[in-house]
Amino acid sequence: MTESTTPRNLIHEAAEFLVLAELLRRGIETYKAYSGYPGYDVLAVRAERACRIQVKSRAAIDFDHLFDLKGDVAGACHFVVLVALDRERLGKLAIDDPGQPRYWVVPAGVAGERRRGGARPRLKYDDVGEFADAWHLIVGFFQGVDAA
């Protein structure tokens, strides 16, 4: 690994742990699924309910705002959390000032409806702007509030 690149799997792992930490901060018991587990990356639980969360991440701040989103999202998880790590600038690793991560907490049904089709289905965070930092939706899930 060179100083100017970070392996994609490390970027994704970092994003999953950031999501896990955000939920723990809100008092929600949360676990990371095994790597490569189909359908979701993080499992949040409270009382008798479980919430499956798929995490999608991007490292650079100068990216195209698109996150890959394949398969039956609504059938596999309850929420999709998009994480823009702002880790790289113009292909260079931002070691001194990596910036703050940005999050979009999107109900899975909404993510599935708004993704852009084609050979490589993707979701653009501009299309789900109203879900920026919407952690209250996952909290509401455990209170029986419908997020869709």
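Taken together, the values in this text are just the output of simple stated rules run on the coordinates, not laboratory data. Since this is a predicted model, take the numbers as computed values, not measurements. Cβ placement follows ideal geometry from the backbone for every residue including glycine, while neighbour counts extend to all protein chains displayed.
Order of 20-26, 39-45, 78-84 by packing, highest average Cβ count within 10 Å first? Don't jump to the answer; show the numbers that get you there.
Values: 20-26: 15.7, 39-45: 20.0, 78-84: 25.6.
The packing order, highest mean first, is 78-84, 39-45, 20-26.
Give the total of Lys-Lys pairs in region 8-142 with Cα-Cα distances below 17 Å; include a pair only if its members are 8 or more places apart or on different chains. All intermediate terms of the calculation are to be shown ahead of the outcome.
On the way: Lys32/Lys56; Lys56/Lys70; Lys56/Lys124; Lys70/Lys124.
Lysine pairs meeting both conditions in region 8-142 amount to 4.
Summing charges over neighbours of Ala119, with a neighbour being any other residue whose Cβ is under 12 Å away from its Cβ, gives +3 when K and R count +1 and D and E count -1.
Once R0 is set to 30 Å, what does the formula 1/(1 + (r/R0)^6) return for the Cβ-Cβ distance between Asp68 and Val145, expressed as a FRET efficiency to the nearest 0.05?
Working: r = 29 Å, r/R0 = 0.96.
So, using R0 = 30 Å, E works out to roughly 0.55.
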